[in-house]
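Notes for the one structure printed next.
Derivation of every value follows stated rules applied to the coordinates shown; laboratory data play no part. Just so it is clear, the structure is predicted and the values come from calculations on it, not from any experiment. Neighbour counts are summed over all protein chains in view; Cβ atoms, including those assigned to glycine, are modelled from backbone coordinates with ideal geometry.
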Amino acid sequence: MKKTPKNTMQIHQMTVGQFEQLFPTEEACKSYLAANRWQDTVTCPRCGFDKVWALESRPFHWVCKQCSVEGYRFSVLVGTIFENTNKPLRQWFRVMHMMLTSKKGISALQVYRVMGFGSYNTALLMCNKIRVALGNVEFKQLVGYVEVDETFVGGKAKNRHKNKRGGPGGTGSAGGTGGHGKQIVVGAVQRKGNVVAKVINSLDGQTLLQFVRKAVSHKVSLVSTDERRGYNALDGEFPHGSVDHWHGEYVHGNVHTNTIEGFWSMVKRGIIGTFHKVSAKYLPLYVNEFQFRYNNRMNADIFGAAIKAC
């Protein structure tokens, strides 16, 4: 049985020189991955057995005798997004670092240009795999003062043909000229804390209530929303207060949605300014990325947190 050495190096806004110093070789990257993945003791990714044997002839490879009599062989990449990749781990680390240190994100096209990959699809696939991993981070339900709000992501209604702009505003899927045909993203943020965001199909009361039930603890002090009628479903189950934006009310005592609207502003600036457009199919992955960066904005080791999620 072999224990992996602890790696206490914290990474946040690394310069190119710092990256080169910390990850000069593939072996350095694999060592960092193993240290962040298993901390002290290597465990089998198939059965979780912690008495595995290192293969001296093949660094970063182990054998688990618990899985089969012949022994199950695995490497440090097995069970991660890096498994079966034909790209060096060092390139994956570079791409991940670029994504995490860009406040508004970095497009796959820019990654393709910087990294010199053979095709744009290679960069897009790598970025999307990383986004999937960033969405796998466990979260604790929000407590204290929480704000819940929704936003619409997609093309502007004025750019659509007149007969496709939709009718006057409403409370349906994405009713109104501002939301018709767009994707709905609902979010909840704990003031001075984390955010939880999710793409949904409807703004009806039951959908919003289900989202809040999963994201927000019943020990919450206050849930602040705007005047949308779908949020009335929270009454009686959560301490709920609302502000009427339609009539120019934005703050009423402790009730406001300024924090979550600030998060939406960052998401919109990233999508419009960096990605330009995001398809409905991949929007949840981009939401994962923005959520992870926001929740780790004060984390000195955001890179290590991302590696653990992979």
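Dipole size of the chain about its Cα centre, with +1 on Lys/Arg Cβ and -1 on Asp/Glu Cβ: approximately 880 debye, rounded to the nearest 20. Electrostatic tally near residue 275: other residues with Cβ closer than 13 Å to its Cβ, Lys and Arg +1, Asp and Glu -1, net +4.
Since only 231, 275, 145 are under comparison, the one whose Cα sits farthest along the positive direction of the charge dipole of the chain, derived from C-beta charges on Lys, Arg, Asp and Glu, is 275.
The slack in the chain from residue 254 to residue 113, taken as 0.36 nm per residue of separation less the alpha-carbon distance, amounts to 46.1 nm. The residue list 18, 82, 97 was ranked by how far each Cα lies along the charge dipole of the range 9-98 toward its positive end, using unit charges on Cβ atoms, and 82 comes out on top. Summarising the label geometry, the points placed 7 Å from Cα in the beta-carbon direction at residue 245 and residue 206 lie 2.6 nm from one another. Taking 84, 296, 136 in turn, the Gaussian network model of the chain (Cα-Cα springs below 10 Å) assigns the largest fluctuation to 84. Rounded to the nearest 20, the size of the Cβ-charge dipole of the range 1-140 about its Cα centre is 260 debye, with Lys and Arg at +1 and Asp and Glu at -1. Most simply put, the chain has about 75% antiparallel DSSP beta bridges, counting only bridges with both residues inside it. Subtracting the Cα-Cα distance of residue 235 and residue 84 from their residue separation scaled by 0.36 nm leaves 49.4 nm.
Between residue 266 and residue 300, the modelled labels are 2.0 nm apart [label points 7 Å from Cα along Cα→Cβ].
Using 0.36 nm per residue and subtracting the Cα-Cα separation, the extra length available between residue 137 and residue 219 on full extension is 27.3 nm. Close amide H partners of residue 61, meaning residues 5 or more places away or on another chain with modelled amide H under 5 Å apart, are 55. Shown is the FRET efficiency for residue 192 and residue 280, computed with R0 = 35 Å from the Cβ-Cβ distance and rounded to the nearest 0.05: 0.65.
Per-residue ellipticity at 222 nm from helix content only, as computed over the chain with -39500 (n - 2.57) for each DSSP H run of at least four residues, stands at -10000 deg cm²/dmol.
The calculated FRET efficiency for the pair residue 120 and residue 57, based on their C-beta separation and a Förster distance of 35 Å, comes to about 0.35.
Under 19 Å from a label point set 7 Å out along the Cα-to-Cβ vector of residue 102, the amide N atoms of the range 284-301 belong to 284-297.
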